[in-house]
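Structure first, commentary second.
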Amino acid sequence: MGGTQLEREEKVSLELSEEILQSMEVGMSFKDYNGRISSLDFHKTSTYLVTASDDESIRLYDVAAGTCLKTINSKKYGVDLVCFTSHPTTVIYSSKNGWDESLRLLSLHDNKYLRYFKGHHDRVVSLSFCSRKDCFISGSLDRTVLLWDQRAEKCQGLLRVQGRPAISYDDQGLVFAIAFGGYIRMFDARKYEKGPFEIFSVGGDISDANVVKFSNDGRLMLLTTADGHIHVLDSFRGTLLSTYNVTPVSCNSTLEASFSPEGMFVVSSSGDGSIRAWSVRSGKEVASWRSATSDTGPPVIKWAPGSLMFATGSSELSFWVPDLSKIGAYVGKK
């Protein structure tokens with residue numbers, strides 16, 4: 001990651017622009033994985049990042065220090081999806097062993113299981129935690145979406161779907177979205193049992209939903225699908241604002257995309273392993289990168305909260321940061 005503390009602070013204070021986005025490159029990478037990274041998550045209020053990998057490891061990083069703090073193996077259950085709770089060293093993760101689809105609440109601090117969440121009967125393909133309410137939702141290939149309170153082992157609610165579900169809470173935890181079959185269904189978290197209060201179409205794209213997400217301010221949402229489409233919608237009116245196209249992904253891969261912190265840009269993986277970025281305002285592609293591991297399929301990708309950095313995970317974990325030497329206004333500045 002390099003540079004002085006002052007330079008790092010200057011980077012954080014910069015406003016993200018197309019030029020800064022185009023300058024971004026790998027500032028640090030961790031190559032000691034023995035399998036593909038299947039999931040990564042940033043903690044909302046700390047500098048921590050967690051990864052899950054096909055080598056059956058869960059790893060905790062301090063992004064600010066650029067160090068791996070801990071590696072925990074989950075040999076018995078495997079690990080597929082992982083997300084932080086509100087606590088920076090507690091995570092929820094899904095299994096990848098084909099015989100136990102329970103979700104687990106794990107303390108990374110002392111490597112202890114705090115709770116098991118049993119209810120799904122097939123692979124969990126989507127997981128979203130609401131840090132404001134200490135609750136989470138999970139979507140599975142068993143065509144159910146389950147609602148959980150992290151303090152209770154039994155699910156608090158069940159919704160049936162007709163396809164592979166992609167799910168997400170908004171930042172306030174008041175609304176959650178379930179996407180499948182070419183539509184995004186919007187639910188009030190307090191009265192979800194009444195069914196969706198809005199149903200948004202994504203223009204006839206009925207391929208498998210992969211990821212659905214809200215922008216930080218809740219005004220926009222995106223949906224990725226297996227056919228290589230990234231749809232951006234107005235989350236209040238359901239208007240389809242733009243669709244970006246990348247190489248489709250295989251049925252056992254996930255096409256991931258992420259809003260930048262202020263919601264002005266979208267970064268996405270692609271079935272050919274490349275990374276792309278678009279301006280939400282213009283709908284135009286503004287940057288693309290070939291990663292060193294682009295031959296291993298679509299990387300998982302997430303933007304760091306409130307930071308000029310995003311992370312990708314494939315056969316290695318990479319932190320992407322601006323190179324100020326490439327930016328006209330900063331060339332020669334010390």
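Taking only pairs six or more apart or across chains, which ones have beta-carbon atoms under 8 Å, a first residue in the range 159-171 that is over 14 Å from Gly119 (Cβ atoms), and a second residue that is open to solvent by 10 Å² or more (accessible area, probe 1.4 Å) and acidic (Asp, Glu)?
Final answer for the pair search is Gly163/Asp208; Arg164/Asp208; Asp171/Asp217.
Working only within the range 91-133, note down all residues that are closer than 23 Å to Lys70 by Cβ and acidic (Asp, Glu).
Asp110
Counting just the residues of the range 159-188 that are of a type in the set (Asp, Glu) and surrounded by fewer than 21 Cβ atoms within 10 Å (Cβ to Cβ), which one comes out farthest from Ser140 (Cα to Cα)?
Among those that are of a type in the set (Asp, Glu) and surrounded by fewer than 21 Cβ atoms within 10 Å (Cβ to Cβ), it is Asp171.
For the range 143-156, check the following and say yes or no: at least one residue is farther than 23 Å from Ser102 by Cα and not in a strand (DSSP E or B).
no
Considering only the range 226-239, I want to know if a residue exists there that is part of a loop (DSSP other than H, G, I, E, B), in contact with a Gly (Cβ under 8 Å, 6 or more places away or on another chain) and crowded, with 22+ Cβ neighbours inside 10 Å.
Checking the range 226-239: at least one residue is part of a loop (DSSP other than H, G, I, E, B), in contact with a Gly (Cβ under 8 Å, 6 or more places away or on another chain) and crowded, with 22+ Cβ neighbours inside 10 Å.
So which residues in the range 109-123 are among the aromatic types (Phe, Trp, Tyr) and closer than 13 Å to Ser95 by Cα, if there are any at all?
Listed by number, the residues that qualify are Tyr116, Phe117.
Could you say which residue among Gly27, Gly66, Gly98 is under 30 Å from Asp323 (Cβ atoms) and open to solvent by 30 Å² or more (accessible area, probe 1.4 Å)?
Gly27
In the range 240-257, which residue that is among the small types (Gly, Ala, Ser) and in a strand (DSSP E or B) is surrounded by the most Cβ atoms within 10 Å (Cβ to Cβ)?
Selected residue: Ala257.
Can you tell me which residue among Ser201, Ser140, Ser207 is small (Gly, Ala, Ser) and under 19 Å from the mean Cα position of the chain (by Cα)?
One residue alone meets the criteria, Ser140.
Of all residues in the range 174-217, which are in a loop (DSSP other than H, G, I, E, B), hydrophobic (A, V, I, L, M, F, W, C), closer than 20 Å to Leu127 by Cβ and in contact (Cβ under 8 Å) with a residue 24 or more places away in the chain?
Within the range 174-217, just Ala189 meets the criteria.
Taking the range 189-206 only, how many residues are under 21 Å from Ser268 (Cβ atoms) and buried (at least 18 other Cβ atoms within 10 Å of the Cβ)?
Qualifying residue count for the region: 3.
Look through the range 277-313, keep the residues that are at pLDDT below 95 and not in a loop (DSSP other than H, G, I, E, B), and return whichever of them is most open to solvent (accessible area, probe 1.4 Å).
The qualifying residue most open to solvent (accessible area, probe 1.4 Å) is Arg290.
I need the full set of residues from the range 101-127 which are closer than 11 Å to Gln150 by Cα and open to solvent by 10 Å² or more (accessible area, probe 1.4 Å), in order please.
Leu114, Arg115, Tyr116
The values are calculated or read from the model by the stated rules, or taken from the named source; none is laboratory data. Predicted, not measured: the structure shown is a model, and the values here were computed from it. Ideal geometry is used to build each Cβ from the backbone, glycine not excepted, and the neighbour counts take in all protein chains shown. Protein only, heavy atoms only, side chains kept; ligands, DNA and RNA dropped before computing areas. Shrake-Rupley method; radii C 1.70, N 1.55, O 1.52, S 1.80 Å.
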